[in-house]
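Asks: Quick one: this structure, given as structure tokens, is what I'll be asking you about.
The values are calculated or read from the model by the stated rules, or taken from the named source; none is laboratory data. Keep in mind that this is a model prediction, so the values were computed, not measured. Because the Cβ atoms are built from the backbone with ideal geometry, glycine has one as well, and the counts that use them run over all protein chains shown.
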Amino acid sequence: MGPGLISWITLMNGAYALSISNIQRLLNDQWQLSFSTGAVSQATRSVTEWLLPLYQQVGQAVRELPIAHADETSHYRNSERRWLWVLCSSQVVYFLVHYSRGKGAANGLLDEFDGILVTDQHGGYNDYPIEKRQLCWAHIIRKFKKISERVGRAGVLGKQLWRLSRLIVHFRNRWRSDGYSDACYHARMLRFKQWMHRLLNLGLEVSPADVEQKTSKTANQCKRLLIDESMLWTFLRDRTIPMTNNEAERAIRPYVIWRKTSFFSQSARGDQFRPVILTLTETCKRLGLGVHEILRKVCEQGLRGEAITVRLPLGQHAISA
């Protein structure tokens, strides 16, 4: 196989999530080429190593951002659970596979990142300074929506929290589109913040439906939000800080779809290949670059036994969040 075919197979498998058997059929239908399962699988074996310089380039670039988004999702390698972590902006995406969902994995993902980190409420990020974290309001709104569907006092409180949280997001968006003055925005947000604090404290008094429980689920959720309360309002310091973690969720969605339509990973080599190829393809997509052309150049150098000098034109592209 030459560099063109190897890069094409890598792209079909890594970006378009085709199985080995589907790639075999496509090769036969398109070019009347017949390769064994082992040959097709072997074609991507060296590509992971060849792509490491670009993978490391993206990892370094994303950790130098002033603002980044992080998220994680699971998959299985045979019967063992693994986790895919993502750290990204609107223009660069870096993936990492780890056996854990804990703080060690999160710290490995972030490494020397020192900017504002936008995440959900997952405790794996709790080693990161709270003054540099922004919790995702989309997750908070979904949590309040679930509380609002409960019966009794919890449901009433949940409806109030849900409506208030949606009002906060709406007001922020209107201000960013110059719908309100800065003075009006900050004064109103201060009142919203005080109102939210009072409602969360009222949530601590919600009694459990089951008399055998000491505290209710609603009270526990409100207690945790009060502990993390300062991380809800980091966005007030700078209009460029987003309120949601949508960037990370969009970045991780192709991986989730891939997981649902295949056995995903059956080996350590597969776990090494997935984050590397996804990092390249998702970053190229966001930068508007042709990933196949880059892959082909990498494969040409790799097959000749040369050092991989191909790099992504990140530069100022990676600065914005």
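Asks: Among the residues of region 69-89, write down those that are in contact with a strand residue (DSSP E or B) (Cβ under 6 Å, 6 or more places away or on another chain) and over 14 Å from Glu249 (Cβ atoms).
Replies: Those that are in contact with a strand residue (DSSP E or B) (Cβ under 6 Å, 6 or more places away or on another chain) and over 14 Å from Glu249 (Cβ atoms): Ser74, His75, Arg77, Arg81, Arg82, Trp83.
Asks: Identify all residues within region 93-135 that are of a type in the set (Ser, Thr, Tyr) and assigned to a loop (DSSP other than H, G, I, E, B); write none if there are none. Write out each step before concluding.
Replies: Of region 93-135, the ones of a type in the set (Ser, Thr, Tyr) are 94, 99-100, 119, 125, 128.
Result: Tyr99, Ser100, Tyr128.
Asks: So which of Ser74, Ser90 is under 22 Å from the mean Cα position of the chain (by Cα), assigned to a strand (DSSP E or B) and either of a type in the set (Gly, Ala, Ser) or surrounded by fewer than 21 Cβ atoms within 10 Å (Cβ to Cβ) (or both)? Walk me through how you get there before you give the answer.
Replies: On the way: Ser90 fails: assigned to a strand (DSSP E or B).
Going through Ser74, Ser90 in turn, just one is under 22 Å from the mean Cα position of the chain (by Cα), assigned to a strand (DSSP E or B) and either of a type in the set (Gly, Ala, Ser) or surrounded by fewer than 21 Cβ atoms within 10 Å (Cβ to Cβ) (or both): Ser74.
Asks: Can you name the condition, by its number, that Ile67 falls short on among (1) surrounded by 20 or more Cβ atoms within 10 Å (Cβ to Cβ); (2) farther than 29 Å from Val118 by Cα?
Replies: Going through (1) surrounded by 20 or more Cβ atoms within 10 Å (Cβ to Cβ); (2) farther than 29 Å from Val118 by Cα one by one, Ile67 breaks only (2).
Asks: Can you name the residue in region 171-192 that is exposed (fewer than 10 other Cβ atoms within 10 Å of the Cβ) and of a type outside the set (D, E, K, R) and, of all such residues, is nearest to Glu229 (Cα to Cα)?
Replies: Ala183
Asks: Let me ask something else. Would you say Ala183 is closer than 19 Å to Gln121 by Cβ, in a helix (DSSP H, G or I), modelled with pLDDT under 95 and among the aliphatic types (A, V, I, L, M)? It would help to see each step written out before you state the result.
Replies: Details: closer than 19 Å to Gln121 by Cβ: no; in a helix (DSSP H, G or I): yes; modelled with pLDDT under 95: yes; among the aliphatic types (A, V, I, L, M): yes.
No.
Asks: Follow-up. Mind telling me which of the residues Trp83, Trp8 ends up being part of a helix (DSSP H, G or I), among the aromatic types (Phe, Trp, Tyr) and either in contact (Cβ under 8 Å) with a residue 40 or more places away in the chain or surrounded by 15 or more Cβ atoms within 10 Å (Cβ to Cβ) (or both)?
Replies: Working: Trp83 fails: part of a helix (DSSP H, G or I).
Of the residues listed, the single one that is part of a helix (DSSP H, G or I), among the aromatic types (Phe, Trp, Tyr) and either in contact (Cβ under 8 Å) with a residue 40 or more places away in the chain or surrounded by 15 or more Cβ atoms within 10 Å (Cβ to Cβ) (or both) is Trp8.
Asks: Would you call Ile168 closer than 19 Å to Thr119 by Cβ, modelled with pLDDT of 95 or more and buried (at least 17 other Cβ atoms within 10 Å of the Cβ)?
Replies: On the way: closer than 19 Å to Thr119 by Cβ: yes; modelled with pLDDT of 95 or more: yes; buried (at least 17 other Cβ atoms within 10 Å of the Cβ): yes.
Against the criterion (closer than 19 Å to Thr119 by Cβ, modelled with pLDDT of 95 or more and buried (at least 17 other Cβ atoms within 10 Å of the Cβ)), Ile168 qualifies.
Asks: Could I ask something else about it? Report the residue count in region 216-250 for those that are over 30 Å from Val206 (Cβ atoms), of a type in the set (Lys, Arg), touching a residue at least 40 places away in the same chain (Cβ under 8 Å) and in a helix (DSSP H, G or I).
Replies: Final tally of qualifying residues: 0.
Asks: Taking interchain pairs and intrachain pairs at least six residues apart, which have beta carbon atoms under 6 angstrom, with the first residue in region 135-156 and on the phi > 0 side of the Ramachandran plot and the second part of a helix (DSSP H, G or I) and surrounded by 19 or more Cβ atoms within 10 Å (Cβ to Cβ)?
Replies: Matching pairs, first to second residue: none at all.
Asks: Restricting the first residue to region 39-62 and requiring it to be in a helix (DSSP H, G or I), which pairs with a second residue that is of a type in the set (D, E, K, R) meet a Cβ separation below 6 Å and a spacing of at least six or different chains?
Replies: Here the result reads Gln57/Arg311, each pair linking region 39-62 to a residue that is of a type in the set (D, E, K, R).
Asks: Return the residue satisfying two criteria in turn: it lies in region 116-134 and is in contact (Cβ under 8 Å) with a residue 60 or more places away in the chain and touching a strand residue (DSSP E or B) at 6+ places or on another chain (Cβ under 9 Å), and of such residues it is nearest to Leu65 (Cα to Cα). Outline the logic, then answer.
Replies: If we filter region 116-134 for residues that are in contact (Cβ under 8 Å) with a residue 60 or more places away in the chain, which is where we start, we get 116, 118-121, 130-134.
Subsequent filtering for residues that are touching a strand residue (DSSP E or B) at 6+ places or on another chain (Cβ under 9 Å) retains 116, 118-121, 132-134.
On the way: Ile116: 9, Val118: 12, Thr119: 15, Asp120: 19, Gln121: 21, Lys132: 13, Arg133: 14, Gln134: 15 Å.
The extreme case among them is Ile116.
Asks: Being touching a Pro at 6+ places or on another chain (Cβ under 8 Å) and aliphatic (A, V, I, L, M) is the filter; apply it to region 54-95 and report the residue that is nearest to Glu131 (Cα to Cα).
Replies: Selected residue: Ile67.
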